[in-house]
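Below you'll find the structure, written out as structure tokens, and then a few comments.
The values are calculated or read from the model by the stated rules, or taken from the named source; none is laboratory data. Here the structure is a predicted model, which is why all the values come from computation and not from measurement. Because the Cβ atoms are built from the backbone with ideal geometry, glycine has one as well, and the counts that use them run over all protein chains shown.
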Amino acid sequence: MGLFGILGRRGMPIHGDGIYLRPAELRDYAQWSQLREQSRAFLTPWEPVWPSDDLTQQSFRYRVKRHTEEMARDEAYSFLIFRQEDDLLVGGLSFGYVRRGVSQSASLGYWMGAPYAGKGYMKRAVYAACLYGFDKQGLNRIDAACLPANEPSKRLLERVGFRHEGYARAYLNINGDWRDHLLFGLLSKDLTPPI
């Protein structure tokens, strides 16, 4: 059985305080593409370069298929984040590089739509996803990384209990350049409810 069970949507969605997370579905394309386009300038400094066809329906269809296959192979788990009150898409979150056996760990990544940044949605989503990973799926550790200049991301990670553990030179290719990153780690005993 994989880290997130034999998914089949069992255990989905993941509920948090005023938000929920679930894997992307084809019906999410319009909301997703609109939010990503609206947030392009906001996200560009923190993400890899977007392919020229990134926001097309065909590309989204491929993305949903790839994410479904990654879940089935227990390699990665990608979710969209929705506001509970009106099912509005606000961002996305993923557990990648799932490692099994003696590690039982994964790497956390996330993005927030520009209109919803700084409103606490991501903090609550990260907390809910990590709680699910530890309590329901037996993760031992969750890793995360962020650019040293990304103060909001550092604060978010620290507020849910991640601890700064290191510095990795030229760690990820972000916005066309190999960039250094701060490395963070979270154990279940460190997880702190967001305030």
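Some observations on this one:
- If only residues of the stretch 47-80 that are aromatic (F, W, Y) and not in a helix (DSSP H, G or I) are counted, the one that is farthest from Y116 (Cα to Cα) is Y77.
- Meets criteria (more than 22 Å from H181 (Cβ to Cβ) and either in contact with a helix residue (DSSP H, G or I) (Cβ under 8 Å, 6 or more places away or on another chain) or surrounded by 14 or more Cβ atoms within 10 Å (Cβ to Cβ) (or both)) for D54: yes
- Among the residues listed as F95, F134, F162, F82, the single one being out of contact with any His (no Cβ under 8 Å at 6 or more places or on another chain), farther than 23 Å from L183 by Cβ and of a type in the set (A, V, I, L, M, F, W, C): F82
- Figure legend. Inter-residue proximity from the stretch 118-139: first residues over 20 Å from S39 (Cβ atoms), second residues surrounded by 23 or more Cβ atoms within 10 Å (Cβ to Cβ) and among the small types (G, A, S), beta-carbon distance below 8 Å, spacing 6+ or different chains. Indicated pairs: G133/A106; L139/A106; L139/G133.
- Some residue of the stretch 111-130 being farther than 19 Å from P194 by Cβ and out of contact with any Lys or Arg (no Cβ under 8 Å at 6 or more places or on another chain): yes
- Residue satisfying all of: in the stretch 120-151; among the charged types (D, E, K, R) and modelled with pLDDT of 95 or more; surrounded by the fewest Cβ atoms within 10 Å (Cβ to Cβ) among these: E151
- Taking every residue in the stretch 45-74 that is without any contact (Cβ under 8 Å) to a residue 60 or more places away in the chain and pairing it with any residue that is surrounded by fewer than 14 Cβ atoms within 10 Å (Cβ to Cβ) and not in a helix (DSSP H, G or I), at least 6 positions away or on another chain, the pairs with Cβ-Cβ distances below 9 Å are S59/P51; S59/D53; V64/E25.
- Counting only residues that are surrounded by 14 or more Cβ atoms within 10 Å (Cβ to Cβ), farther than 14 Å from A114 by Cα and in contact with a Leu (Cβ under 9 Å, 6 or more places away or on another chain), the stretch 23-46 holds 3 of them.
- The C-beta contact set for the stretch 145-168 (first residue on the phi > 0 side of the Ramachandran plot, second residue surrounded by fewer than 12 Cβ atoms within 10 Å (Cβ to Cβ) and in a helix (DSSP H, G or I), distance under 9 angstrom, 6+ apart or interchain) comprises G161/K189.
- Remark: V98 matches the filter, which requires a residue to be at pLDDT below 95, under 22 Å from R66 (Cα atoms), over 11 Å from the mean Cα position of the chain (by Cα) and crowded, with 18+ Cβ neighbours inside 10 Å.
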